[in-house]
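**Student:** Submitted below is the structure of interest, expressed as structure tokens.
The values are calculated or read from the model by the stated rules, or taken from the named source; none is laboratory data. Please read all numbers here as calculations on a predicted model, not as lab measurements. Counting neighbours? That spans all protein chains shown, and the Cβs are built from the backbone with ideal geometry, glycine included.
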């Protein structure tokens, strides 16, 4: 996401602002929902100390990030 916004000349200062920008760009709107679950997992780990099990991470987070990364690279 940061690379996409960098290309657009934008640097969102926080998560809320980044989310707001994400829905403004139609070329990436289609992956917004897919980013929500990995983001939620990340937030739980970072701010609440609840880390996903290794199997859950491999099954949920890694595939989502790979798909989102692939989509982002199309637009950077």
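**Student:** Tell me which helices (runs of 4 or more DSSP H) are completely within the chain and hold 2 or more residues being under 11 Å from the mean Cα position of the chain (by Cα) and free of Cβ contacts under 8 Å to residues at least 24 places away in the same chain, or say none if there are none.
**Tutor:** Working: elements: 2-7, 15-22, 26-29, 32-48, 62-73.
Ranges flagged: 15-22, 32-48, 62-73.
**Student:** I want to confirm something. Restricting to segment 1-11 and keeping residues that are touching a helix residue (DSSP H, G or I) at 6+ places or on another chain (Cβ under 7 Å) and under 16 Å from residue 68 (Cβ atoms), which single residue is surrounded by the fewest Cβ atoms within 10 Å (Cβ to Cβ)?
**Tutor:** 3
**Student:** Does residue 32 count as at pLDDT below 85 and closer than 11 Å to residue 1 by Cα?
**Tutor:** So residue 32 passes the test.
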